[in-house]
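Each remark here refers to the structure printed beneath this line.
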Amino acid sequence: TLSGFFGGLSSFVFAYQGQDIFCEIISEMREEKDAPKAIGMSYGLMTFVYSITTVLAYGMKGRDVQGFLPDAITGGGLTQFVGVLLFFHILTAYLCIGIPFLNVMHAKFSACGCFGAIHEGSVGARVAWFILSFITVATTYLLA
């Protein structure tokens, strides 16, 4: 069906959406030569965590496991804990993907003097970065 096609397509896009950000992340690294090591370590850790999660889910629920694993969790406290972890996961993803955008915005606002006289690495620069990050995440949340 058409619905099934778009459901599968969106799952595929969601699974690989972070791949395009590697070039941006590498350009932000202090030591770009360490990028292959960082990417390899992150993929290794993700593969390990996802594999353990999958084995545990299928080991506990068998074929009845939900497609979205948090839906399979029963129990108020555990469900809330997983919800909080999922919230921080999504927040972190938004902020990581938004780093190039935030860099441009920070440079523009700093150049026009909107943040006053701030220097890279100063408390003022960090506060300005936090404000831009907060506004970006809040706007994204409201639009979603």
In a helix (DSSP H, G or I), touching a Ser or Thr at 6+ places or on another chain (Cβ under 8 Å) and surrounded by 12 or more Cβ atoms within 10 Å (Cβ to Cβ) - does that describe any residue in region 75-90? no
Filtering region 22-64 down to residues that are of a type in the set (D, E, K, R), exposed (fewer than 10 other Cβ atoms within 10 Å of the Cβ) and part of a helix (DSSP H, G or I) yields Lys33, Arg63, Asp64
Which one is farthest from Ala138 (Cα to Cα), of the residues in region 96-106 that are open to solvent by 60 Å² or more (accessible area, probe 1.4 Å) and free of Cβ contacts under 8 Å to residues at least 60 places away in the same chain? Val104
Failed condition for Ala107, given (1) more than 20 Å from the chain's Cα centre (by Cα); (2) more than 20 Å from Phe130 (Cβ to Cβ): (2)
Given the condition exposed (fewer than 10 other Cβ atoms within 10 Å of the Cβ), of a type in the set (A, V, I, L, M) and part of a helix (DSSP H, G or I), answer yes or no: does some residue in region 65-74 qualify? no
Would you be able to tell me the number of residues in region 108-138 that are assigned to a helix (DSSP H, G or I) and either at pLDDT 80 or above or open to solvent by 80 Å² or more (accessible area, probe 1.4 Å) (or both)? 16
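The values are calculated or read from the model by the stated rules, or taken from the named source; none is laboratory data. On a predicted model such as this, the values are computed, not experimentally measured, just so you know. Ideal geometry is used to build each Cβ from the backbone, glycine not excepted, and the neighbour counts take in all protein chains shown. Calculation scope for accessible area: heavy atoms of the full protein, side chains included, ligands and nucleic acids excluded. Shrake-Rupley method; radii C 1.70, N 1.55, O 1.52, S 1.80 Å.
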